[in-house]
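K.L.:
I'd like to ask you about the structure that follows.
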Amino acid sequence: MVNNSTVVVFDDERVVANAGVMLPAILASRLGLEGLVDETVRLGDRRGASNPGRKVMSLVSAMALGADCIEDCDVLRSGQTAAVLGHRVAAPSTLGTFLRAFTFGHVRQLDRVLDQSIVRAWAAGAGPGDERLVVDVDSFVGEVHGYAKQGAGFGYTHKRGYHPILATRADTGEVLHIRLRKGAANTSRGMQRFCDELIARVNRAGASGAKLLRADSGFWNKQTFQRLDQAGWRFSIGVRMQPHVRAVVEAIEEDAWVTLEDYPDTSIAQIAETTLGDWRLVVRRVRRLSQQGELLPVWDHYPFATNRLDALALVEVEHRRHAVVELCIRDLKDQALAHYPSGKFTANAAWTVIAALAHNLLRWTQTIGLPNATTRTARTLRRRLLALPGRLVRSARRQTLRMPARWPWAHDFLAALARLRALPPPA
């Protein structure tokens with residue numbers, strides 16, 4: 001029974017509200033992220049231009065704890081939380097001024113920070129090395145409300161918002177590249193430049209194995225096919241059922257279709273292949289079962305183009321796994337990208353890149369700190385490893401962070417802490 005006479009006071013100066021934030025903070029210090037930002041982001045003589053590294057790291061630490069607005073960053077100034085971060089904490093008003101100082105060119109500087117952070121994290125053990133790298137490209141609508149959001153508009157969902165494009169790594173869920181676009185932007189807008197930057201970024205980060213890019217039909221473009229093929233990448237990208245594509249699909253012989261045995265029982269699915277111009281065209285057709293168990297009279301077709309030479313069944317099933325990109329989008333929307341805090345477009349663009357950096361820091365904390373463990377959602381990681389109370393005490397010139405007794409994931413926390421501390425400091 002709750003004791004209604006319990007007195008509640010907020011006066012403990014030694015408590016750490018989210019003591020587990022020290023894990024991504026240690027990793028950030030080992031990667032030298034604050035110094036990287038100071039070297040890369042130069043806002044000139046604008047208001048809020050000083051100490052960009054401290055301000056970006058304040059935003060990253062708060063976002064790792066689930067902050068979705070600038071005011072949420074104030075949680076870092078409670079109790080002794082700042083003592084476990086490894087960087088000084090900026091006030092929310094200072095962070096707002098800092099974000100509004102960004103222009104498009106400054107956002108590109110911040111994008112280079114994301115680029116170099118991937119290089120450093122992969123060198124520290126989070127990268128694929130010479131193993132195959134699977135990249136998923138997609139876009140999503142970041143919904144906003146009100147009329148004061150510069151660049152927000154109505155897209156294919158008929159909801160007001162922005163329309164970011166992003167590339168994610170399939171096995172870890174980290175964001176390799178992201179760019180905020182206006183809400184009315186077409187799905188494939190900027191895809192050519194985006195691909196060029198993605199290819200160069202992955203090469204700089206040291207991925208030397210085979211590479212596969214997957215995307216849906218919104219990114220169907222002949223120039224994209226050619227660019228990826230020239231770069232030595234494999235791809236499987238959806239194709240819309242335009243009249244000439246439909247004619248090619250309908251020309252497939254009936255005995256060429258192979259039934260998929262692993263498809264859900266609510267449908268019947270078959271696959272076949274043909275060619276579309278210079279590319280291999282793989283088609284999945286699906287007939288859904290009604291509640292009475294009868295077949296509907298038509299097939300739904302889902303074609304995609306590819307330059308892969310593997311067996312038909314393998315190519316098709318791996319293309320279906322492109323859906324894992326939605327898990328990364330879900331995590332981003334469950335954290336900082338639940339909202340876009342500023343009325344200025346470039347401030348929101350900077351917020352988007354920083355959100356990707358915070359997301360990656362959580363991914364790398366698990367990849368490096370808990371290798372071979374099941375990949376968890378950001379919310380699960382926060383609940384198990386970050387959002388736990390602690391208390392800083394000092395005795396005999398030694399500082400101790402006391403955590404709750406019998407914490408269910410204490411072993412994982414200590415194992416991750418030991419591995420992250422073992423990383424070499426930045427040069």
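K.L.:
Within segment 6-20, can one find any residue that is in a helix (DSSP H, G or I) and modelled with pLDDT of 90 or more?
P.N.:
The answer is yes; a qualifying residue exists.
K.L.:
Which ones in segment 369-392 are under 17 Å from the mean Cα position of the chain (by Cα), more than 30 Å from Thr103 (Cβ to Cβ) and in contact (Cβ under 8 Å) with a residue 24 or more places away in the chain?
P.N.:
Once the filter is applied, which keeps residues that are under 17 Å from the mean Cα position of the chain (by Cα), more than 30 Å from Thr103 (Cβ to Cβ) and in contact (Cβ under 8 Å) with a residue 24 or more places away in the chain, segment 369-392 yields Thr375, Thr377, Arg379, Arg382.
K.L.:
Additional query: If a residue has to be touching a residue at least 60 places away in the same chain (Cβ under 8 Å), touching a Lys or Arg at 6+ places or on another chain (Cβ under 7 Å) and open to solvent by less than 40 Å² (accessible area, probe 1.4 Å) to count, how many in segment 218-236 make the cut?
P.N.:
1
K.L.:
Same structure, new question: Only one of (1) of a type in the set (A, V, I, L, M, F, W, C); (2) assigned to a helix (DSSP H, G or I); (3) modelled with pLDDT under 95 is not met by Phe194, so which one is it?
P.N.:
Every listed condition holds for Phe194 apart from (3).
K.L.:
Let me ask you something else. Being of a type in the set (Gly, Ala, Ser) and open to solvent by 30 Å² or more (accessible area, probe 1.4 Å) is the filter here, so list the residues in segment 114-149 that pass it.
P.N.:
Scanning segment 114-149 gives Ala123, Ala124, Gly125, Gly129, Gly146, Ala148.
K.L.:
If only one of Ala355, Ala347 is part of a helix (DSSP H, G or I) and surrounded by 24 or more Cβ atoms within 10 Å (Cβ to Cβ), which one is it?
P.N.:
Within the list Ala355, Ala347, the selection yields Ala355.
K.L.:
Moving on. Output the residues belonging to segment 387-418 that are surrounded by 11 or more Cβ atoms within 10 Å (Cβ to Cβ), in a loop (DSSP other than H, G, I, E, B) and hydrophobic (A, V, I, L, M, F, W, C).
P.N.:
Listed by number, the residues that qualify are Ala387, Leu388, Met403, Trp407, Trp409.
K.L.:
Taking Leu33 as the residue in question, decide whether it is among the hydrophobic types (A, V, I, L, M, F, W, C) and open to solvent by less than 30 Å² (accessible area, probe 1.4 Å).
P.N.:
Taking the combined requirement at face value, the residue satisfies it.
K.L.:
If you check Asp111 against the conditions, is it more than 30 Å from Arg402 (Cα to Cα) and open to solvent by 50 Å² or more (accessible area, probe 1.4 Å)?
P.N.:
No: the conditions fail for Asp111.
K.L.:
Of all residues in segment 17-30, how many are open to solvent by 30 Å² or more (accessible area, probe 1.4 Å) and of a type in the set (A, V, I, L, M, F, W, C)?
P.N.:
Result for segment 17-30: 1.
K.L.:
Hey, does segment 62-73 have a residue that's more than 24 Å from Pro425 (Cα to Cα), open to solvent by less than 20 Å² (accessible area, probe 1.4 Å), assigned to a helix (DSSP H, G or I) and of a type outside the set (Asp, Glu)?
P.N.:
Looking through segment 62-73, at least one residue is more than 24 Å from Pro425 (Cα to Cα), open to solvent by less than 20 Å² (accessible area, probe 1.4 Å), assigned to a helix (DSSP H, G or I) and of a type outside the set (Asp, Glu).
K.L.:
What number of residues within segment 169-187 are touching a Phe, Trp or Tyr at 6+ places or on another chain (Cβ under 8 Å) and open to solvent by 40 Å² or more (accessible area, probe 1.4 Å)?
P.N.:
Final tally of qualifying residues: 3.
K.L.:
For segment 109-190, which strands (runs of 3 or more DSSP E) that fit wholly inside it have 2 or more residues that are closer than 16 Å to His359 by Cα and either acidic (Asp, Glu) or modelled with pLDDT of 95 or more (or both)?
P.N.:
Of the strands (runs of 3 or more DSSP E) lying wholly inside segment 109-190, those with at least 2 residues that are closer than 16 Å to His359 by Cα and either acidic (Asp, Glu) or modelled with pLDDT of 95 or more (or both) span 165-169, 175-179.
K.L.:
Moving on to the next point. Somewhere in segment 294-305, is a residue within 25 Å of Arg30 (Cβ to Cβ) and surrounded by 15 or more Cβ atoms within 10 Å (Cβ to Cβ)?
P.N.:
No: zero hits.
K.L.:
Restricting segment 368-379 to residues that are crowded, with 17+ Cβ neighbours inside 10 Å and touching an Asp or Glu at 6+ places or on another chain (Cβ under 8 Å), which is farthest from Leu414 (Cα to Cα)?
P.N.:
Ala378
K.L.:
Next up: Looking only at residues in segment 170-207 that are under 22 Å from Arg160 (Cα atoms) and of a type in the set (Val, Ile, Thr), which one is nearest to the chain's Cα centre (by Cα)?
P.N.:
Going through the qualifying residues, I end up with Ile178.
K.L.:
If you don't mind, there's one more thing I want to ask. Among the residues in segment 208-219, are any over 18 Å from the mean Cα position of the chain (by Cα), under 19 Å from Glu273 (Cβ atoms) and either at pLDDT 95 or above or of a type outside the set (Phe, Trp, Tyr) (or both)?
P.N.:
Yes; the residues of segment 208-219 include at least one that is over 18 Å from the mean Cα position of the chain (by Cα), under 19 Å from Glu273 (Cβ atoms) and either at pLDDT 95 or above or of a type outside the set (Phe, Trp, Tyr) (or both).
The values are calculated or read from the model by the stated rules, or taken from the named source; none is laboratory data. Here the structure is a predicted model, which is why all the values come from computation and not from measurement. Methodologically, a virtual Cβ is constructed for each residue, glycine included, from the backbone with ideal geometry; neighbour enumeration extends over all protein chains shown. The area values use the complete protein model at the heavy-atom level, side chains included, leaving out ligands, DNA and RNA. Shrake-Rupley method; radii C 1.70, N 1.55, O 1.52, S 1.80 Å.
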